Amino acid sequence: IVQQWLSVIFANANNFAPTTILIHQNRDYKLLAEEMLINSLPVDITVIDMESFGDFWRKRDSYSFMTDLLENGNNKKLKIMISNGSFPADDLTLYIKNGKFLSEITATDENSRQINFTTSEITGTPDILLYGFSRL
């Protein structure tokens with residue numbers, strides 16, 4: 001069963017999706033399986049409790065941003081404006097479909113102050129991730 005769980009976790013991780021596993025620990029073998037699963041996870045997969053998971057999604061839901069795509073022929077620029085109330089936004093991640101085809105991506109806050117971010121390509125796709133948003 002642990003191998004089945006791991007295959008689901010890895011498939012979800014490849015799609016940037018979380019996995020939630022609910023285990024009723026009313027039998028010793030269930031607790032043992034859970035321990036085996038946790039010990040088998042790579043370091044880049046995080047295990048958190050349900051309260052922390054809920055806190056993450058409440059914070060994620062509170063982010064407010066707007067985007068504007070400016071096109072001039074083949075020159076495509078994406079502007080992102082993140083509301084001041086959304087900071088700190090260091091755990092915000094944005095998935096940009098076809099982001100590799102953009103000539104420029106900029107981010108500012110409501111006061112037009114520049115925001116730094118990190119970009120990562122998604123292997124095998126023209127899509128990118130933006131994350132690590134921080135004001136200068």
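What to note about this one:
- With 0.36 nm allotted per residue and the present C-alpha distance subtracted, the Met36-Tyr95 stretch has 18.0 nm of extension available.
- Cross-link reach list, lysines versus Lys79, counting only Cα pairs under 28 Å and skipping chain neighbours closer than eight places: Lys59, Lys97, Lys100
- In the assembled protein chains, Phe87 presents an accessible area of approximately 40 Å² (probe radius 1.4 Å).
- A 1.4 Å probe over all protein chains sorts Trp5, Trp57 by accessible area into Trp57, Trp5, starting with the largest.
- Qualifying trypsin sites (Lys or Arg not before Pro) for region 44-109 [loop in DSSP, other Cβ within 10 Å: at most 11]: Lys97
- The slack between Gln4 and Asp28, meaning 0.36 nm per residue of separation minus the straight C-alpha distance, is 6.7 nm.
- Its Cα centre serving as origin, the chain has a Cβ charge dipole (Lys and Arg +1, Asp and Glu -1) of approximately 360 debye.
- Relative contact order computed over the chain (Cα-Cα under 8 Å; 6+ residues apart), in percent: 16 percent
- Of the residues Trp57, Ile82, Ile21, the one whose Cα sits farthest toward the positive end of the charge dipole of the chain, with +1 on the Cβ of Lys and Arg and -1 on the Cβ of Asp and Glu, is Ile82.
The values are calculated or read from the model by the stated rules, or taken from the named source; none is laboratory data. Because the structure is a prediction, the values reported are computed rather than measured. Using ideal geometry, Cβ is built from the backbone for each residue, glycine included, and neighbour counts are taken over all protein chains shown. To get the accessible areas, we keep the full protein, side chains included, count just its heavy atoms, and leave off ligands, DNA and RNA. Shrake-Rupley method; radii C 1.70, N 1.55, O 1.52, S 1.80 Å.
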